[in-house]
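Trainee: Mind looking over this structure? Questions follow.
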Amino acid sequence: MSTLIDSLIRQSSINISNPDKSRVTPSDWLEFYNAVARDIGARLFAMRYTSIFDIQADTDYDYPDEMTRMIALWVTDTPDDQDSWALVKELREDEFHDRVNRRYPTGVLPERYLPEATIFRVVPRPTAAIARAAKLEYWGLPDEITNISGGYMPFPDLMREWVVEGMTIHGLRKLKEIAEARERYTVWETRESSYAATLTDRADDRRPAFVPRSRKNSTGGMV
């Protein structure tokens, strides 16, 4: 990932015949870049994160703010041993209800989890806290960029032209070139499936996964 955001802005400015950035300013372009990047992050599995967090006693868990899709949950009772992580398997809702019916089981480490829209629940529920003993792998949105200087696009370089085109569409809208912006956006959207297929071919985990959205504990990582 070696594409400077400044180079994306230069190309987008040329595309709308505004190379001196007089009509669309650098701050405009930074806003447009962030909008396109987050839109792409919401559409595609382009940003993979790992979040290490504490196991808590008797609680449910929030998702990281930027998360769009859960990949895997791991736990350990010896966090210093990198070979000790155990995969926590997913439960269906009916399986979860069977396990917690009449009495919610407790234990040292979770063995199963139930993903819900804004939280996930674990079974058994730990009876004591263990620092940095849980690891969540997930797809998510890119961080917002606040300074153009020296910043790099977080996506694979093969996506450069798609990002530039998305920014160009924003620039055209800024200039009230609505008809051209609409036409280019229609084409831009059709390219999503092609990029999605390319990223899937590159991915090391192609299994179906749950799609929640919500909050906290990350170490990570439109138009």
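The values are calculated or read from the model by the stated rules, or taken from the named source; none is laboratory data. Quick caveat, the model's predicted, so the values are computed rather than measured. When we count neighbours, we look across all protein chains shown, and the Cβ atoms used for this are built from the backbone with ideal geometry, even at glycine.
Trainee: Does any residue of the stretch 51-58 turn out to be within 30 Å of ILE169 (Cβ to Cβ) and not in a helix (DSSP H, G or I)?
Mentor: no
Trainee: Residues that are within 30 Å of ALA37 (Cα to Cα) and surrounded by 15 or more Cβ atoms within 10 Å (Cβ to Cβ): does the stretch 117-129 have at least one?
Mentor: So the first thing to find is which residues in the stretch 117-129 are within 30 Å of ALA37 (Cα to Cα), and the list is 117-120.
Add one more test, that the residue is surrounded by 15 or more Cβ atoms within 10 Å (Cβ to Cβ), and what stays is 119-120.
Within the stretch 117-129 (the criterion being within 30 Å of ALA37 (Cα to Cα) and surrounded by 15 or more Cβ atoms within 10 Å (Cβ to Cβ)), the answer is yes, since at least one residue qualifies.
Yes or no, residue by residue, for (1) touching a Phe, Trp or Tyr at 6+ places or on another chain (Cβ under 8 Å); (2) at pLDDT below 95; (3) surrounded by 12 or more Cβ atoms within 10 Å (Cβ to Cβ):
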{"site": "HIS170", "(1), (2), (3)": "yes, no, yes"}
{"site": "ARG184", "(1), (2), (3)": "no, no, yes"}
{"site": "ARG191", "(1), (2), (3)": "yes, yes, yes"}
{"site": "LEU199", "(1), (2), (3)": "yes, yes, yes"}
{"site": "ASP204", "(1), (2), (3)": "no, yes, no"}
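Rundown of residues vs (1) on the phi < 0 side of the Ramachandran plot; (2) acidic (Asp, Glu), yes/no style:
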site: PHE32; (1), (2): yes, no
site: ALA42; (1), (2): yes, no
site: ASP54; (1), (2): yes, yes
site: ASP58; (1), (2): no, yes
site: THR68; (1), (2): yes, no
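Trainee: Follow-up question, since we're still on this one. Which of the residues belonging to the stretch 94-119 are of a type in the set (D, E, K, R), within 21 Å of ALA72 (Cα to Cα) and in a loop (DSSP other than H, G, I, E, B)?
Mentor: GLU111, GLU116 - these are the residues of the stretch 94-119 that are of a type in the set (D, E, K, R), within 21 Å of ALA72 (Cα to Cα) and in a loop (DSSP other than H, G, I, E, B).
Trainee: Something else: Would you confirm whether or not the stretch 35-56 contains a residue that is aliphatic (A, V, I, L, M) and in contact with a Lys or Arg (Cβ under 7 Å, 6 or more places away or on another chain)? Break it down stepwise before answering.
Mentor: Of the stretch 35-56, the ones aliphatic (A, V, I, L, M) are 35-37, 40, 42, 44, 46-47, 52, 55.
From what's left, in contact with a Lys or Arg (Cβ under 7 Å, 6 or more places away or on another chain): 52.
The answer is yes; a qualifying residue exists.
Trainee: Now for a separate question. Pick out the one residue from TYR49, TYR104 that is among the aromatic types (Phe, Trp, Tyr) and under 29 Å from SER194 (Cα atoms). Even if it seems obvious, please write down each step before you answer.
Mentor: Numbers: TYR104 fails: under 29 Å from SER194 (Cα atoms).
Residue meeting the stated conditions: TYR49.
Trainee: Going by what's in this entry, would PHE32 be described as over 30 Å from LYS176 (Cα atoms) and surrounded by 15 or more Cβ atoms within 10 Å (Cβ to Cβ)?
Mentor: Spelling it out, it is not the case that PHE32 is over 30 Å from LYS176 (Cα atoms) and surrounded by 15 or more Cβ atoms within 10 Å (Cβ to Cβ).
Trainee: With ILE52, ILE148 as the choices, which residue is surrounded by fewer than 19 Cβ atoms within 10 Å (Cβ to Cβ) and in contact with a Leu (Cβ under 7 Å, 6 or more places away or on another chain)?
Mentor: ILE148
Trainee: Taking into account only those residues within the stretch 58-78 that are over 16 Å from the mean Cα position of the chain (by Cα) and either at pLDDT 95 or above or of a type in the set (Asp, Glu) (or both), which is nearest to TYR138 (Cα to Cα)?
Mentor: Going through the qualifying residues, I end up with TRP74.
Trainee: Report, by residue number, each residue of the stretch 112-158 that is within 16 Å of the chain's Cα centre (by Cα) and under 30 Å from ILE14 (Cβ atoms).
Mentor: Answer for the stretch 112-158, where residues must be within 16 Å of the chain's Cα centre (by Cα) and under 30 Å from ILE14 (Cβ atoms): LEU141, PRO142, ASP143, GLU144, ILE145, MET153, PRO154, PHE155, PRO156.
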